[in-house]
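Data first, discussion second: the structure below is written as structure tokens.
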Amino acid sequence: MFIKRVVGGLLALVVMMGLGGCDKRSLFQSIMNRERESAKLTVKMENLPYGKVVYLTNGPAAGSEPPIVMLHGFGGEKDNWNRFSKELTDEYRVIIPDLPGHGESVQDSGLNYGIDEQAKRLKQFLDALGVKKAHLVGNSMGGAIALRYAYLYPQSVASLGLFAAAGVEQTVADFHTAMKATGKNPLLEIQNAKDFEDVMSRYVFVDPPYIPGFIVDILVEEKLKRRALEKKMFVELMADMDQTSILSSINSPTLILWGSQDKILHVDNAELFRTKLAGSRKEIIDGVGHCPMIEKPEVAREAYRKFLQETAPQGKRAGI
């Protein structure tokens, strides 16, 4: 989902700099730069036939191979993974793209943003970086893309991390019940800060992270600018969302991680994934909503690290 968490020392930065005489967007960018630096991530860009992809990484010689590639959800972006990435960047090479149509990457209304097309674009991106094999971690839409990627390119996947992944449905969650009742997607109906905060507290999080008001205002402004593209993307995603038919063909070691109180994709879906994916394991984090890597990044990170250590042996460290 679309959110950037502001905590700890970053709040101190806000207090020290203040808002008087300081452009809100510049302050916002300073905050995000601090978060990236704390996770040892830097911004890079790759130009591809379909457009540019902007991504975060700790560099090709930063850790062991294969790298971890993290994929955000619909309406999200690369910085959703900053806090989750901390410490992992000490051990692994990490690559976190803004998926096409999101963040700072290509925003082309002429592209198709279905799951299959996004998986193929991801392959082009990783090929351009020289990545032959990767651990894929995806949240929500990113999880569905990771699944399709594993189906299309099985030899290119070392493992899968499905964090409240889209793609199958065992039980309808509150979000989709509301969407069916009203015919509207709450994520696409946000007009102001109140709407944003209502969606975050009602559907996305159990304990919404604190976000200063000026950052909420910026996020809403960006959301409004992208509304037409997001509506198009959502239609194309939903038309290609069901991954049920391919699950039996996927044999990558898989961690299925879910929040017990997810109101966007019901926690029951985790068990359906577990029964359909050979070699998978399931973990549920209590008191968490749709984005465990944001709401409880330390808990999610340790569960994922343990999974990698036990089921997906590391390759040699880069540069050795």
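Here, each number is a calculation from the coordinates, and none is a lab measurement. Everything quoted here is computed from the prediction, not taken from an experiment. Here the Cβ positions follow ideal geometry from the backbone for every residue, glycine too, while neighbour counts run over all protein chains shown.
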Q: Tell me the label-point distance for the pair Ala239, Ala278, using the 7 Å Cα-to-Cβ offset, in nm and rounded to one decimal.
A: 3.3 nm
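Which order do Thr177, Thr254 fall in if you start with the one that has the fewest other Cβ atoms within 10 Å?
On the way: Thr177 11, Thr254 28.
Listing Thr177, Thr254 from fewest to most nearby Cβ atoms yields Thr177, Thr254.
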Q | Total charge dipole magnitude, the chain, about the Cα centre, Cβ charges on Lys, Arg, Asp, Glu only, Debye to nearest 20 | A | 600 debye
Q. Quick one: Cα centre-to-centre distance for the stretch 53-113 and the stretch 171-186, in angstrom?
A. 29 Å
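Rounded to the nearest 20 debye, what is the charge dipole size of the stretch 150-233 about its Cα centre when +1 sits on each Lys and Arg Cβ and -1 on each Asp and Glu Cβ?
Here the size comes out at about 360 debye.
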Q: Report, ordered by chain and residue number, the lysines lying within cross-link reach of Lys223, taken as a straight Cα distance under 19 Å and ignoring same-chain residues fewer than 8 apart.
A: Lys4, Lys24, Lys78, Lys184, Lys194, Lys231, Lys232
(Q) Among Thr275, Tyr149, Gln243, whose Cα projects farthest towards the positive end of the dipole of the stretch 9-311, with charges put on the beta-carbon of Lys, Arg (+1) and Asp, Glu (-1)? (A) Tyr149
Q. If you look at just the Cα atoms of the stretch 250-290, how large are its Rg and its Dmax in Å?
A. 10.3, 30
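Would you kindly give the portion of the calculated P(r) for the stretch 9-311 that falls above 27 Å, as a percent of all Cα pairs?
Details: 17414 of 45753 pairs.
Roughly 38 percent, rounded to a whole number.
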Q.
Regarding the stretch 174-298, what's the average projected area of the Cα-atom convex hull, expressed in nm²?
A. 8.9 nm²
Q.
So if I place +1 on the C-beta of Lys and Arg and -1 on the C-beta of Asp and Glu, and nothing else carries charge, what would the dipole magnitude of the stretch 56-194 be about its Cα centre? I want it in debye, nearest 20.
A. 160 debye
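Taking a 25 Å limit on the Cα-Cα distance, which of the listed pairs Lys132/Lys296; Lys40/Lys225; Lys120/Lys306; Lys52/Lys180; Lys86/Lys133 fall beyond it? Walk me through the numbers on the way to the answer.
Values: Lys132/Lys296 31 Å; Lys40/Lys225 30 Å; Lys120/Lys306 29 Å; Lys52/Lys180 35 Å; Lys86/Lys133 22 Å.
Where the Cα-Cα span goes over 25 Å, the pairs concerned are Lys132/Lys296; Lys40/Lys225; Lys120/Lys306; Lys52/Lys180.
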Q: For Val288, enumerate residues with amide H under 5 Å from its amide H, sequence gap 5+ or separate chain, H modeled in the peptide plane.
A: Ser260, Gln261
Q | Label-zone membership for the stretch 86-114, site Lys232, 7 angstrom Cα→C-beta point, backbone N under 18 Å | A | 99-114
Q) How would you rank 258-266, 147-155, highest first, on the average number of other Cβ atoms within 10 Å across their residues? A) 258-266, 147-155
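Provide the FRET efficiency to the nearest 0.05 for the Asp127-Asp198 pair, computing r from the beta carbons and using R0 = 35 Å. Please list the in-between numbers first.
Values: r = 41 Å, r/R0 = 1.18.
Computed FRET efficiency for Asp127 and Asp198 comes out at 0.25.
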Q: State the answer as a single residue: which of Asn192, Gly73, Gln170 lies farthest towards the positive end of the charge dipole of the chain, with beta carbon charges of +1 for Lys and Arg and -1 for Asp and Glu, about the Cα centre.
A: Gly73
